[in-house]
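These notes are about the structure you will find just below.
The values are calculated or read from the model by the stated rules, or taken from the named source; none is laboratory data. Note that this is a predicted model, so its numbers are computed, not measured. Accessible surface areas use protein heavy atoms only, side chains included; no ligands, DNA or RNA. Shrake-Rupley method; radii C 1.70, N 1.55, O 1.52, S 1.80 Å.
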Amino acid sequence: LWKRIRKEQIAGFKFLRQYPIFYNVMGHESFFIADFCCPRCRLVIEVDGPIHELQMERDTERDRILSLAGYTTLRITNVEIQHHIGTALRRIRFELSRLLTDRHGE
């Protein structure tokens, strides 16, 4: 996936890898490391492998905190990346477009 989204290959949007996102919950400051992030659109892409099936509650809480911090999380499975990369890239493009439209109220 990184080879396909780096260097502004998706509609000119810059993605960063292993991007730290800081947040504060009830006076406790902490951070998450996002797999990939487009800071301009505040889009986080998380790549989910088999372990994520065992930590769904944790991922849901993480997504909620990221949302409160102004980020949208897009989860893509390893299987989708390995076998359906085109679909994964279309999902990313769609989400970027949706976020820009929502931001500009169009």
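Listing for the model above:
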read-out	value
Calculated on alpha-carbon atoms, Rg and Dmax of the chain in Å	14.0, 43
Shape call, segment 42-85: gyration tensor on alpha carbons, a/c limit 1.5	oblate
Accessible solvent surface per residue of segment 1-104, calculated while the other protein chains remain in place, 1.4 angstrom probe, Å²	64 Å²
Percentage relative contact order, the chain, counting C-alpha pairs under 8 Å, at least six apart	20 percent
Antiparallel DSSP beta bridges within the chain, percent to nearest 5	70 percent
